[in-house]
1. Which one of the conditions (1) under 17 Å from residue 373 (Cα atoms); (2) surrounded by fewer than 23 Cβ atoms within 10 Å (Cβ to Cβ); (3) modelled with pLDDT of 95 or more does residue 220 fail to meet, given that it meets all the rest?
2. Among the residues of region 307-345 satisfying the criterion of being open to solvent by 40 Å² or more (accessible area, probe 1.4 Å) and either of a type in the set (Asp, Glu) or at pLDDT 80 or above (or both), which is nearest to residue 201 (Cα to Cα)?
3. Does any residue of region 199-215 turn out to be exposed (fewer than 15 other Cβ atoms within 10 Å of the Cβ) and modelled with pLDDT of 95 or more?
4. Quick one: which residue in 103, 138, 151, 173 is at pLDDT 95 or above, aromatic (Phe, Trp, Tyr) and either in a loop (DSSP other than H, G, I, E, B) or surrounded by fewer than 16 Cβ atoms within 10 Å (Cβ to Cβ) (or both)?
5. With respect to residue 161, determine if the residue is modelled with pLDDT under 95, of a type outside the set (Phe, Trp, Tyr) and more than 18 Å from residue 273 (Cα to Cα).
6. Among the numbered conditions (1) under 20 Å from residue 408 (Cα atoms); (2) open to solvent by less than 70 Å² (accessible area, probe 1.4 Å); (3) at pLDDT below 90; (4) in a helix (DSSP H, G or I), tell me where residue 438 comes up short.
7. Restricting attention to region 182-199, and to residues there that are part of a loop (DSSP other than H, G, I, E, B) and over 24 Å from residue 408 (Cα atoms), which single residue is nearest to the chain's Cα centre (by Cα)?
8. In contact with a Cys (Cβ under 9 Å, 6 or more places away or on another chain) and not in a loop (DSSP other than H, G, I, E, B): which single residue out of 27, 77, 98 fits that description?
Amino acid sequence: MALRCTRTCQQYLLHLAQDNIDFRLPEIKALLSLRGKQFCSEENFKEKSPFWLLNGVSEDDVRGLMERSVCAKSAFELWGHGRTHDELQTSLLKYPVEKMAPFTQQETTYKINVYTFNKTLVFQERIKKIDALEFLPFQGKVSLKNPEHIFCLLEDYGSDPNNIPNEPFHVYFGRWIADGQRELIRSHSVKKRHFIGNTSMEAGLSFLMANHARIKAHDLVCDPFVGTGSLLVACSHFGAYVCGTDIDYNIVHGIGKASRKNQKWRGPDENIRANLRQYGTEQFYIDVLVSDSSKAIWREGPLFDAIITDPPYGIRESTRRTGSQKEINKPPEDFCGESHIPVSMVYQLSDIFTDLLRFAAYYLVMGGRLVYWLPVYRPEYRDEIVPQHPCLRLVSNCEQALSSHTSRRLITMEKTKEVEDSDELALLLDSRFRPYRGHNAFREKYFSGVSKRTGRAEQGTPSNGGADVLSE
């Protein structure tokens, strides 16, 4: 539950992007916790609003937050706000003059921007709104190209584009402090990445996962389903050392058929390490190994500061592990031939998540986080089907819709205790920790929806729509 702070605290205003709305609050909370702070909200806090007020933090905290956040667009030191421009003026006149003084002196330069959410104003209307702020004690010169200080008037016209009011629902004014890291979404786009696969995670979600995991410099991070390493790229950007495993030999070694259009085979230097080299973070690359995630290869004991991963769902990539349901002759124990290829078998989704949580419980350091994607069939979803473990605490559960009937949920968990014998017993006897077998039918349920939409399209009936975007 968010803490509340008194109005006597210095307040800051966050302007947030309106995509991945469910992911924003967990990201802000995680980043504030890295600085030892908690999220303090107003009594009338609206999570889906593009504007949030921050209390109980310093300007340094806000700058540190904006150096990481991909959800927040900009942050401001809030000087005043209200439901109308008259209320805004009253609020601004109550703001302490001594706090304004360093930024309004005669030798300073400044400019004022006007930003409107869900409404476009013509130039003359913007100028009129700026002129209405003439009561503020600005003594410096206006500089539109290179001002020392930037101020912003922000107006919120709601979120309904079909019912835009004449006057804003809320108005804010403040001093600009910093912009967020939205540029990372463009600069790290998989379209420009050296090595990609069919299920490479998009840049924005990769950085969101890294922030939910509270990745910081010198952390050791593991991705047990590493794929083409999109999550390692994001974690290394924040100075973490990265490693991972994958059962797919071709992916780990960057060989085989290419995923790009008009390219048949992968090039000689298409691999995960080359991706980190592309972004200047190769020094944080430890290694990636060909390994079955169901069989631990690491030394026993807490090892990783974070585990972030996107397990396969059986849609674009198969779910498999080494082993066979048939009785086969095993190779001799001293066999070390390079040509040996282990037999693989189906790896049920429920078993994937059970093994993943057990891996996190054993190999995360205390307070370390596990962040992973859980695919769900929306008509059957309930909170009880989210996998649990007695050593892990659920921190957040955010939904990304994939279609009208399927979605995936970003699950963040934190290790709260070391594994004991009683925990292994609880996994067997306590119904809370039993795997939900309904996850195993996700592939069939996913394609049943695709088949229905295809049938409607053939009959000329419009479907309900939805974004069938799926990465694993």
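The values are calculated or read from the model by the stated rules, or taken from the named source; none is laboratory data. Keep in mind it's a predicted model, so treat the numbers as computed, not measured. We place every Cβ from the backbone using ideal geometry, glycine too, and count neighbours over all the protein chains shown. Quick note on the areas: whole protein, heavy atoms, side chains included, nothing else; ligands and nucleic acids left out. Shrake-Rupley method; radii C 1.70, N 1.55, O 1.52, S 1.80 Å.
1. Exception for residue 220: condition (1).
2. Going through the qualifying residues, I end up with 317.
3. Step one: filter region 199-215 for residues exposed (fewer than 15 other Cβ atoms within 10 Å of the Cβ), giving none.
Looking for residues that are exposed (fewer than 15 other Cβ atoms within 10 Å of the Cβ) and modelled with pLDDT of 95 or more, one finds none in region 199-215, hence no.
4. Details: 103 fails: either in a loop (DSSP other than H, G, I, E, B) or surrounded by fewer than 16 Cβ atoms within 10 Å (Cβ to Cβ) (or both); 151 fails: either in a loop (DSSP other than H, G, I, E, B) or surrounded by fewer than 16 Cβ atoms within 10 Å (Cβ to Cβ) (or both); 173 fails: either in a loop (DSSP other than H, G, I, E, B) or surrounded by fewer than 16 Cβ atoms within 10 Å (Cβ to Cβ) (or both).
After ruling out the rest, the residue left standing is 138.
5. Numbers: modelled with pLDDT under 95: yes; of a type outside the set (Phe, Trp, Tyr): yes; more than 18 Å from residue 273 (Cα to Cα): yes.
When the stated conditions are applied, residue 161 passes them.
6. (3)
7. Keep residues of region 182-199 that are part of a loop (DSSP other than H, G, I, E, B), which gives 182, 188-189, 193-199.
Filter again for over 24 Å from residue 408 (Cα atoms), leaving 193-195.
Working: 193: 19, 194: 22, 195: 21 Å.
The extreme case among them is 193.
8. Details: 77 fails: in contact with a Cys (Cβ under 9 Å, 6 or more places away or on another chain); 98 fails: in contact with a Cys (Cβ under 9 Å, 6 or more places away or on another chain).
Residue meeting the stated conditions: 27.
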